[in-house]
Structure formats: C-alpha cells, structure tokens
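Participant: Let me begin by handing over the structure; questions about it come next.
What follows draws every value from the coordinates through simple rules; no lab data is involved. Treat the numbers as computed from the prediction; the structure is a model and nothing was measured. All Cβ positions, glycine included, derive from the backbone under ideal geometry; neighbour counts span all protein chains shown.
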Amino acid sequence: MQWPTHEVTNQVPELQDYNIFTSDTALVEGVQKGQAGWHAERLTKVGAELGTPEVIRLGELANRHLPELATHDRQGRRVDQVEFHPSWHALLDLVRRERLQSLPWMEEKPGAQVARAAAYFMQTQVESGTLCPTTMTFASIPVLQNEPALFAQLKDKLYSDRHDPRDLPIEQKHSIMIGMGMTEKQGGSDVRTNTTQAKPLTGQGRGAAYALTGHKWFFSAPMCDAHLVLARTDANNGTGVSCFFVPRWRPDGTKNTVLIQRLKDKLGNCSNSSSEVEFQDAYGIMVGEEGRGIPTIIEMANHTRLDCVIGSSALMRQAFVQAAHHARHRSAFGKKLIEQPMMTNVLADLALESEAATLLMLRLARAFESDDPLSRAWRRMVTPAAKFWICKRALEFTGECMEVWGGNGYVETGPMSRLYREAPVNSIWEGSGNVMCLDVLRAMERSPESLALLLDELGQASSDHAALKQLLDGLRQSLSTPPEQRESLARRFTQRLALAAQASLMLQHAPSASAEAFIASRLDAENGRVYGTLAADASAQQAILKRAWPLQ
C-alpha cells in the first residue's frame, strides 16, 4: 500500500503540441526573405507534425535503443549488418518524405536551398542522428552528377521520397543512401596520409572498376547503400589520392568485402552508427579524375559543412525553446524564473545568439543557389568560418540552457542532456576547428579579391555603425599580416569574420533593438564570454524574448 507524502507541484509540463516552424519568428521571416515562401505552407504543416508527442517520442526512442552490429548470421556467414530500432526507420520515413536528401537538386527554382535548410533545421530539433546519412546523401549528389553513366543508374533512387531500409543490391531498391569514408587511423583530417590502395580491375581511370584494400577509421553510417571513399592508385608513383564509389553489394549480386570491425562508442549522435571498416579487395568505381580525389571529395564536404552549421543552429534553437518554456513554468523565490531579472538577461542573450545563428545559416544556404562572385565568396570563406564559430558556440549554448533547468536538466529522462551530448559532433565532424580556420586562411590568401568583395558587402550594412565598421577595418588590415604570423592568428580572424557576418545580418533582418544588443555584447570585449551580460534594459530584453518565443 502507498500513502501520499507530498503533492507534486512546480514541475514543468512537457514541451509538445507546438509548431516548430510558426513559433520561430526569425525562421518564418528568413524563409520569406530567402525566396522560399513557396514552401512555407509545407513547412507549417511539417512544423506542427514535428512538435507532436508521437514524433518527439521517436527521437527519444532512437537514441535510447542504440544500433547493434551483427557481423555474422546464425549459420556463420558474414553479413556486416547494423540493426536499428523501428523509431530510426520511422524518422527516416519523415526525412525522405520531405526530400531533405534531394530537394534543391529537384526543385531548380529560387529559394530551394533555403526551403531545404529550414526543413532540415526543424527536423534536427527532433532528432539529429538520422540526418547524418541524409546529409551525406545530399552532398554526394552534385559529385555523382559529374559521372553521367553512374548517376543515370542512381538518380531515381537518390531522389526518391520513400525510405528503403532493406539491405539489397542497389538495382533492387527504390531508394538509397550514400555515406562517406575518408579518415584513417594514422591521419585523421590529414587524408593525404591515407594508405588504402586501389588496383584496377577493368580499365583504368575515371569510371573504371578497382579493388580496394585498406581501412577507414571513421566510416559514417555503414548501412548506407554505397560510400564515397579515398584510396591511392599507382598514378604519380602512388602519391595521388583518388575518390571511389564503393557499394555494399557487387554488380554480380554478392556482398562487397567492406567488413565492419566494430561500431564507435560515441559521446552523442547515438542513434546513428559510426564504424571502423576494412576493405579486402572491395569493389569500387573511380569518381572524378585519377589523383584528384581530395578536390572531388571537398565539393561534397562544402555541402556537409553547411549542414553542420544548420544542425548546430537547430540544436541551439531547440535548447533555447526548452529553456524558455521551462523558465515560463517554473517558479523560484516567489516568482516565475523568466520574471527574475538575471534569468531574463540570460534568456534574452541566448535568444540573440540563436537568431544570429539562424540568419547566418539561411544566408549561407542562399549562397549555395548561385555561382556569382559574391555567392562564391560566401560559400568559400563564410561556410568554414560559420562551421568553426556556430558549432563551437553550440557547446557553450546548450550547457547554459541545461543550467536553466538546473538538476532537472542533468538527467537523461529530459531533453537537455541529449542536446548537450549532441553539440560537439558538428564541431569535430568533417574537419575540426583548426582545419576550418586553416581553410578560411587558404581561401583568403588564394582569393583576396573575394574577401574584399565580401567585406564590402558586409560594410554596406555597417556604414552608420562604428563598432562593426571597426571590426571590418580590422579584417581588412589582417590581409597585411606577415605570412609567417597568419596561421597563429587564424582563429582570431575566423571568429571576427563570423561575427561580422552575423552582426551585418542582424542589422539587416532583426529588429533594431535586437541588432544593437547583439553587436554591443559580441563586439565589446568587456562583456566577457558568458551569457547574461546584456545592458540592463528590461523592456528591450522582454521584447527580445517575446520575439524569440511567443508561446506562453
């Protein structure tokens, strides 16, 4: 028999039955300004669906019931299969239905990249792991389009809006996913040290079949139907690294010899399987020019970097709305948390950070729709800068939001711990912070005219703003830094470039008070790094919060 010892009060209701799209003012406005208004009705419908208890529950289940590796069947035959909870496949059904793996390549009209970015941004707020194979499939399409014969066989299956979980040869499936396998034990991001060898089977060079022998240390989503990988050939005395399309099944219907050694035991992104594999004369088709595998795969990496920015921005948004929802329902010391002046400051500061990240990811998505010089500058320089800055800010951001919840945020039964554990992956995956900064530095040195064009555009929004003008002047002066000093200052330059882009976008698209508060707090070193150091203007902070989270 049980008898009551206390009454349960002052506990926050679950955040559910809300529209992820329409409750996000910055996202709604950004979709319209990014010429994606034609997709707004669809985003509204999907936003309502993603906010339901049933879909939110799918994300929880997919991360509780982890992927399991079966290397052999019960008769002892090698199968190399990863088994997932049904929630994983249910989420991928949603992803494919919204064509997050293909939308811009199918809808060749203005705003297609922005429409897809907005949908991806919302899906991430429910579950992130399923978007790893989605991102890689999305990024593989422009690479594979350069191989007409191969792409003709794959196009309909890449564009399909139906998820197909079956482990079958590609020709027997109605949809497929593509993964990536670049890094090896000895090199990590330094893929020029890769040792995997590729020997010709039929012909040589682009489009020819090869046998690959070696390994990959991080082989993302091993149940993808094929992977793009890097391996060495005999070209240029074995110094050239080429790109290969390696399917799970050979053309003769036998399983390809891509042997899964084990799954990674990861901090976060737990629903998604990452693995270590070995190739034993695995069948592969050369993609791109022989010896030019790194430039070929970099085209794919540029798109995955954009998705890292979108994904981290989405984690920040979801962490913020969870914190704001909690603060509006939880009381302490005689009043709601959100009514406490210091908490109001913290939440308003977080809201500014989230909006600036959202604006930057949407602007970058728009830059991927055009090939004019300014768009190329945004893609080439701001994409790695944004991946460096926003992905790093997500770590601090999610930790601060967890602190709003207090002890309730530090347990696995709530959403905050998963968001916090998810935050580091985008900063590390496909090139960590230093790699991004070196990439920005290379782009600046190779194309100073592109940097000047970019800074001029950012300057147009800052002509009347002294703090931003000073920041941009400092960036221009960085061009004259002696070459021997540039690398050590690359993080400083990259941070300033990302902040200048965000400040400029806030001035253009956010309310004036929000833009001014963002610039004053981000460009003034006296404000420090912690959230909650905005100027003591209670009415302005309340206005920022009302815009960021209009739901009561």
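Participant: With the Cα gyration tensor of the range 367-491 giving a ≥ b ≥ c as the square roots of its eigenvalues, does the rule (a/c under 1.5 for rounded; else a/b larger than b/c for prolate; else oblate) give rounded, prolate or oblate?
Facilitator: Judged from the Cα gyration tensor, the range 367-491 comes out prolate (a/c at least 1.5, a/b above b/c).
Participant: When the convex hull of the C-alpha atoms of the range 1-147 is computed, what volume per residue in Å³ does it have?
Facilitator: 161
Participant: Normalised radius of gyration for the chain, please: alpha carbon Rg relative to 2.2 N^0.38 Å, two decimal places.
Facilitator: This ratio for the chain stands at 0.99.
Participant: In terms of the Cα gyration tensor, with a ≥ b ≥ c the square roots of its eigenvalues, is the range 495-552 rounded because a/c is under 1.5, prolate because a/b exceeds b/c, or oblate?
Facilitator: In terms of gyration-tensor shape, oblate.
Participant: Kyte-Doolittle mean at least 0.5 and Cα extent at least 27 Å along the axis: which DSSP H helices of the chain qualify?
Facilitator: 341-367
Participant: Related question: I need the fraction of alpha carbon pairs in the range 235-302 separated by more than 21 Å, rounded to a whole percent.
Facilitator: That tail contains 46 percent of the Cα-Cα pairs.
Participant: Two decimals is fine: what's Rg over Rh for the range 443-552, C-alpha atoms, Kirkwood radius as Rh?
Facilitator: Using Cα coordinates only, the ratio equals 1.04.
Participant: Got the relative contact order for the range 227-316 handy, in percent, Cα pairs under 8 Å and 6 or more residues apart?
Facilitator: The value is 31 percent.
Participant: At 7 Å along the Cα-to-beta-carbon direction for both Q280 and V12, put a label point, then send me their distance in nm to one decimal.
Facilitator: The answer from the label model is 5.2 nm.
Participant: Something else now. With the cut-off at 1.5 for a/c, could you classify the range 190-238 from its C-alpha gyration tensor as rounded, prolate or oblate?
Facilitator: Oblate shape, in that a/c is at least 1.5 and b/c is the bigger or equal ratio.
Participant: Follow-up. Between L267 and T481, what FRET efficiency comes out of the Förster formula 1/(1 + (r/R0)^6) with R0 = 35 Å and r the beta carbon distance, rounded to 0.05?
Facilitator: Efficiency for this residue pair is about 0.45.
Participant: What do you get for Rg/Rh of the range 35-76 when both radii come from the Cα atoms and Rh is the Kirkwood radius?
Facilitator: 1.35
Participant: Count the net charge of all other residues whose Cβ sits under 10 Å from the Cβ of H72, scoring Lys and Arg as +1 and Asp and Glu as -1.
Facilitator: So the environment of H72 carries a net charge of +1.
Participant: Taking just the alpha carbons, could you work out the radius of gyration and Dmax for the range 396-451, both in angstroms?
Facilitator: So, for the range 396-451, Rg and Dmax equal 17.4, 52 Å respectively.
Participant: Which value does Rg/Rh take for the range 26-109 over its C-alpha atoms, Rh per Kirkwood?
Facilitator: 1.15
Participant: Here's a follow-up. Write down, largest first, the equivalent ellipsoid semi-axes of the range 262-332 in whole Å, where each equals the square root of 5 times an eigenvalue of the alpha-carbon gyration tensor.
Facilitator: 41, 19, 7
Participant: Give me the percent of Cα-Cα pairs in the range 126-261 that sit more than 22 Å apart, rounded to a whole number.
Facilitator: In whole percent, the share of Cα-Cα pairs in the range 126-261 beyond 22 Å is 38.
Participant: Net charge around D439, counting only other residues with Cβ within less than 14 Å of its Cβ (Lys, Arg = +1; Asp, Glu = -1)?
Facilitator: Summing Lys/Arg as +1 and Asp/Glu as -1 gives +3.
Participant: Still on this model: Hey, with R₀ at 56 Å, roughly what FRET efficiency would L489 and Q2 work out to, going by the Cβ-Cβ distance, to 0.05?
Facilitator: 0.30
Participant: Amide H of Q261: which non-local residues (sequence gap of 5 or more, or other chain) have their own amide H closer than 5 Å, using H built in the peptide plane?
Facilitator: E276, V277, E278
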